Amino acid sequence: MRIRFPAVGVLRLALAFVLIAMGCRGVPVTPAASPSATVPSPPVTPTAEPDMPTVTPTEESPARGGTLVIGVPAEPDALNFSLTRQPVSYWILSCLDARLIRVRDDNTLEPQLLADVPSVENGGISQDGRTYTLRFRPDLKWSDGEPLDGRDFLFTWQLLTNPSYPANSRAGWELIQSVELSDDYLTVTVHLERPAASFLEDVLVGIGERPGGFILPAHALGALPPAAIPESDYAGLGHVSSGPFVVAEWQPGKQLTLERNPVYEADEVYLDRIVFRFLPDERELLTQLVSGEIDLAAGLPEWSIAELHAQPELTTLVTPRGGAVASLAINLNDPASLSRPHPILSDLKVRQALLLGFDRTRLVEDLLLGSVPVATSLLDHSLWHAEPAATAAFDPQRARRLLDEAGWYAGPD
């Protein structure tokens, strides 16, 4: 029995429109100095112009400029994807850094740092699933102007698999057996120890709170001993970005300000500035949203949905999160002797009756105001999710019949 729990974000639409259209809400910032390169890099010879997305202006196109103030439930612990497990840190890193491949809101894959999504059809994945060919876009640069290419992928692999580096996870990276670079550093050939479907999600593809798709700057970190990198300023004001924004100011305990990255070339970047305000108290987060002190609140709890719907000036945006499913696990083993089947729950008809006799739709409607659908599997909205042919609807009469067939009859109460 599963119910999908939402990620709740709320936006003051009218106020946000004024901010973006007029750019009238400034926040004093102190631009951080760009860290200098510590490892000299030979020049990269581009082979083609980067295939960047373009936007044709229309009457519906968003206006450019302005500041967006976002309330978040915690202060980031590190702006280094390999040293954090904190959702807020990944949210902010998603504004600072581009990914090799990102997942769009319709669950399709879009190459960002790479020129294409590797597949068997385009030659990016070998028939045996052990070799990946990654093609970087030419002319990519880090926010300090240094080239971004396959050398950074190679460095990231070497660092994350170094025993002296306290990586939060080596998932996927530890499967790599060897890495080869082309002469122009734009083509990376990755050989795996064994085929692994998870390599795509763990290393190449990412979204939101997942670390996949990020890489680290070799020129900024390569000269440091691996054990010293966690103490460097890269995880803070010295962060070198590969995406649309850079760190401008960090006021500990209060807020973090990002400004547009002048090196990043993409027409899809509209804002000049994003301010992440740290509001760990859920009630204060909601209060500042209603009062207009912040424009958007991220990570609100489920209990806030009813209160948000009571505020006519607010628009609630509920976004699906892969795997964010609440479920009840049924014990199929006898608690008295785990080697034997459960005397009641091992019966398929009993388990089916429990599912059919529980009104999950009503629970979603009453507690979450219908803001999310009833989940169909633990993999909902993940890369591995597939819609079932049919879902089990609430059917108490059929549940009763199944229990009767299993030998369990309703009593007088």
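Residue check, Asp77 against (1) crowded, with 22+ Cβ neighbours inside 10 Å; (2) assigned to a loop (DSSP other than H, G, I, E, B); (3) free of Cβ contacts under 8 Å to residues at least 40 places away in the same chain, all met but one. Which one?
(1)
May I ask you to verify whether Ser143 is in contact (Cβ under 8 Å) with a residue 24 or more places away in the chain, over 24 Å from Asp272 (Cα atoms) and in a loop (DSSP other than H, G, I, E, B)?
no
Can you go through Gly238, Gly213, Gly206, Gly222 and tell me which one is at pLDDT below 95 and assigned by TED's automatic domain parsing to the domain that holds Leu140?
Sole residue among the options that is at pLDDT below 95 and assigned by TED's automatic domain parsing to the domain that holds Leu140: Gly206.
Taking Ala386 as meeting all but one of (1) more than 26 Å from the chain's Cα centre (by Cα); (2) not in a helix (DSSP H, G or I), write down the number of the exception.
For Ala386, the failing item is (1).
Take Ser169 and decide whether it is more than 29 Å from Arg277 (Cβ to Cβ), out of contact with any strand residue (DSSP E or B) (no Cβ under 7 Å at 6 or more places or on another chain) and hydroxyl-bearing (Ser, Thr, Tyr).
Numbers: more than 29 Å from Arg277 (Cβ to Cβ): no; out of contact with any strand residue (DSSP E or B) (no Cβ under 7 Å at 6 or more places or on another chain): yes; hydroxyl-bearing (Ser, Thr, Tyr): yes.
Against the criterion (more than 29 Å from Arg277 (Cβ to Cβ), out of contact with any strand residue (DSSP E or B) (no Cβ under 7 Å at 6 or more places or on another chain) and hydroxyl-bearing (Ser, Thr, Tyr)), Ser169 does not qualify.
Going by the structure shown, is Asp267 free of Cβ contacts under 8 Å to residues at least 24 places away in the same chain, in the same structural domain as Thr131 (by TED's automatic domain parsing) and assigned to a loop (DSSP other than H, G, I, E, B)?
Spelling it out, it is not the case that Asp267 is free of Cβ contacts under 8 Å to residues at least 24 places away in the same chain, in the same structural domain as Thr131 (by TED's automatic domain parsing) and assigned to a loop (DSSP other than H, G, I, E, B).
Quick check on the range 229-259: of everything there that is part of a strand (DSSP E or B) and within 15 Å of Ser143 (Cα to Cα), which residue is nearest to the chain's Cα centre (by Cα)? Outline the logic, then answer.
As a first pass, look at the range 229-259 and keep what is part of a strand (DSSP E or B): 245-251, 255-259.
Now narrow it down to the ones that are within 15 Å of Ser143 (Cα to Cα): 245-248, 258-259.
Numbers: Phe245: 17, Val246: 18, Val247: 19, Ala248: 22, Leu258: 18, Glu259: 21 Å.
If we take residues in the range 229-259 being part of a strand (DSSP E or B) and within 15 Å of Ser143 (Cα to Cα), then Phe245 is nearest to the chain's Cα centre (by Cα).
Going by what's in this entry, would Ala386 be described as under 19 Å from Val325 (Cα atoms) and surrounded by 14 or more Cβ atoms within 10 Å (Cβ to Cβ)?
No, not satisfied.
Inspect the range 286-299 for any residue being among the hydroxyl-bearing types (Ser, Thr, Tyr) and outside the structural domain of Pro396 (by TED's automatic domain parsing) and give the result as yes or no.
Yes.
Would you mind stating whether Arg283 is assigned to a strand (DSSP E or B) and among the basic types (Lys, Arg)?
no
I want to confirm something. Restricting to the range 237-294 and keeping residues that are among the charged types (D, E, K, R) and under 30 Å from Gly222 (Cβ atoms), which single residue is surrounded by the fewest Cβ atoms within 10 Å (Cβ to Cβ)? So that I can check it myself, show each step before the final result.
Filtering the range 237-294 down to residues among the charged types (D, E, K, R) leaves 249, 254, 259-260, 265, 267-268, 272-273, 277, 281-284, 293.
Checking the rest, the ones that are also under 30 Å from Gly222 (Cβ atoms) come to 249, 259-260, 265.
Details: Glu249: 19, Glu259: 19, Arg260: 18, Glu265: 13.
Filtering the range 237-294 for residues that are among the charged types (D, E, K, R) and under 30 Å from Gly222 (Cβ atoms), the one surrounded by the fewest Cβ atoms within 10 Å (Cβ to Cβ) comes out as Glu265.
Can you pull out the residues in the range 390-408 that are closer than 19 Å to Arg360 by Cα, part of a loop (DSSP other than H, G, I, E, B) and not polar (S, T, N, Q)?
Passing the criteria: Ala390, Ala392, Ala393, Phe394, Asp395.
For the range 338-362, name all the residues that are more than 38 Å from the chain's Cα centre (by Cα), surrounded by 15 or more Cβ atoms within 10 Å (Cβ to Cβ) and among the basic types (Lys, Arg).
Once the filter is applied, which keeps residues that are more than 38 Å from the chain's Cα centre (by Cα), surrounded by 15 or more Cβ atoms within 10 Å (Cβ to Cβ) and among the basic types (Lys, Arg), the range 338-362 yields only Lys349.
Which condition breaks for Ala223 when tested against (1) touching a residue at least 40 places away in the same chain (Cβ under 8 Å); (2) over 13 Å from Leu79 (Cα atoms); (3) in a helix (DSSP H, G or I)?
(3)
Considering only the range 152-211, state which residues are among the β-branched types (Val, Ile, Thr), buried (at least 16 other Cβ atoms within 10 Å of the Cβ) and assigned to a loop (DSSP other than H, G, I, E, B).
Restricting attention to the range 152-211, the residues satisfying the condition of being among the β-branched types (Val, Ile, Thr) are 156, 161, 176, 179, 187-190, 203, 205, 207.
Still in the list and also buried (at least 16 other Cβ atoms within 10 Å of the Cβ): 156, 176, 179, 187-188, 190, 203, 205, 207.
Ile207, the sole residue that qualifies.
Quick check: is even one residue across the range 36-49 modelled with pLDDT under 50, charged (D, E, K, R) and assigned by TED's automatic domain parsing to the domain that holds Val203?
yes
The values are calculated or read from the model by the stated rules, or taken from the named source; none is laboratory data. This one's a predicted model, so the numbers in the text were calculated from it and none came from an experiment. Using ideal geometry, Cβ is built from the backbone for each residue, glycine included, and neighbour counts are taken over all protein chains shown.
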